[in-house]
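The values are calculated or read from the model by the stated rules, or taken from the named source; none is laboratory data. Small disclaimer: the values here were computed from a predicted structure and weren't measured. Note: ideal-geometry Cβ built from the backbone for every residue, glycine included; neighbour counts use all protein chains shown. To get the accessible areas, we keep the full protein, side chains included, count just its heavy atoms, and leave off ligands, DNA and RNA. Shrake-Rupley method; radii C 1.70, N 1.55, O 1.52, S 1.80 Å.
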Amino acid sequence: MSRLKLFLITGLIVGFVFITGVVNAGDVYVMKFAFQMANDIYGTNEASFANAFKGHVESASNGRIKVELYPGGVMGKERENFVNVKNNVIQATLSSVGGIAQFYKPITVVDIPFAFKTHNIAWQVYDGWFGDELRADILDKTGVRCLVTTETGGFFAFTNNKHEVKTPEDMKGLKYRTMENQGHIKMISLLGGSAVPIAWLELYTSLQTGVIDGQMNPLPTILSGKLEEVQKYVTLTNHLYGTDWFMVNNDWFESLPDDLQKIVKDAAEVANIADRGAQRLLDVQAIQKLKEAGLQIYTPTVEEKEMFRNKVQDGYIDWLSQEVDQQWIDKFLKAVDEAESE
């Protein structure tokens, strides 16, 4: 798909508009919005979300809210961005599960391996009662408001530069990068690999220099980080569904007049749709681009995927039950079952 077609389709999804009016009388509220990835709406989910959000907020508020974007980690790594949002140094960020887990451990329930079979099931869980309850508890426990749970590339794949991985047995001896997420570290360990927590901004160099052999991410994220340049093998396990959580300083949000609060909420929903739509388009292109880059791509058979699931899921849940309140595990699994039954 050409970049022009992608732009046109993304434009339809986003309903992208720019400020054309004059700022109304009264206060102008500034939202500093920082994220890790490059500001490329054609290539990164965070940029798709951030630009759709900015365009909707500034237009719908007629300039009463100004959104300043700080991409590429210029305001710090994930942990720093979360702390900065909490302290109102910046007003918004996109946080991964690993980024939030350092401050709110129950979020690791959403990374139970092989929990989701399809995108639609994941969307129902995050947009339904479970997502609402978890986001409310994040606010209660951390003081930071999460407006929506969006997607960061979709389903995860494993990559490495040593050899093809078809079963868990093939992961033995391989060093895999993970986020600073104890759940991901445990998962790699259960599968027989060695986990090395490394920040996203340091991942490319770590692969290039041999500090690690591989990593796991959705396919569009692999391309956005140019990881195809330093990896050789891809295994499409779909073991995790990647999410970003739109975190906003609650004091700043509640300082807004009611009409502007509604605009911010609406914009987050619009951006969520834009992000998910753009990611599906990028996902379609990703496999072809990885093949063109010379990577060998392997899709496990049903039996091989079951080997991965059997190797990791029960052990992860057992570990998780020692880390978080059992009610969150039960709620998450119940929500997944309900979405599957629909």
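When residues of segment 127-146 are filtered for being open to solvent by less than 30 Å² (accessible area, probe 1.4 Å) and not aromatic (Phe, Trp, Tyr), how many remain?
Restricting attention to segment 127-146, the residues satisfying the condition of being open to solvent by less than 30 Å² (accessible area, probe 1.4 Å) are 128, 130-131, 134-135, 137-138, 142, 144, 146.
This time we only want the ones that are not aromatic (Phe, Trp, Tyr), so: 128, 131, 134-135, 137-138, 142, 144, 146.
Matching residues across segment 127-146 total 9.
When you check Val234 against the structure, is it buried (at least 19 other Cβ atoms within 10 Å of the Cβ) and more than 30 Å from Arg145 (Cβ to Cβ), yes or no? Talk me through it step by step, then tell me what you get.
On the way: buried (at least 19 other Cβ atoms within 10 Å of the Cβ): yes; more than 30 Å from Arg145 (Cβ to Cβ): yes.
Criteria met by Val234.
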Within the set of pairs 6 or more residues apart or between chains, which connect a residue that is of a type outside the set (A, V, I, L, M, F, W, C) inside segment 110-129 to a residue that is in a loop (DSSP other than H, G, I, E, B) and surrounded by fewer than 20 Cβ atoms within 10 Å (Cβ to Cβ) with Cβ atoms less than 8 Å apart?
Gln124/Glu342
Which count do you get for residues in segment 249-260 that are surrounded by fewer than 23 Cβ atoms within 10 Å (Cβ to Cβ) and either under 30 Å from Gln313 (Cβ atoms) or of a type outside the set (D, E, K, R) (or both)?
7
In segment 195-274, which helices (runs of 4 or more DSSP H) lie fully inside it and hold 2 or more residues that are under 30 Å from Lys172 (Cβ atoms) and touching a residue at least 60 places away in the same chain (Cβ under 8 Å)?
219-224
Only one of these conditions is not met by Gln124: (1) closer than 20 Å to Lys331 by Cα; (2) polar (S, T, N, Q); (3) in contact with a strand residue (DSSP E or B) (Cβ under 9 Å, 6 or more places away or on another chain). Which number is it?
(3)
Residues (more than 15 Å from the chain's Cα centre (by Cα) and open to solvent by 40 Å² or more (accessible area, probe 1.4 Å)) located in segment 107-126:
Lys117, Thr118, Asn120, Gln124
Condition (residue is over 23 Å from Phe35 (Cα atoms) and in a helix (DSSP H, G or I)) applied to segment 147-168: is it met by at least one residue?
yes
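With Glu151, Glu164 as the choices, which residue is open to solvent by 50 Å² or more (accessible area, probe 1.4 Å) and not β-branched (Val, Ile, Thr)? Let's see the steps before the verdict.
On the way: Glu151 fails: open to solvent by 50 Å² or more (accessible area, probe 1.4 Å).
Exactly one of Glu151, Glu164 is open to solvent by 50 Å² or more (accessible area, probe 1.4 Å) and not β-branched (Val, Ile, Thr), namely Glu164.
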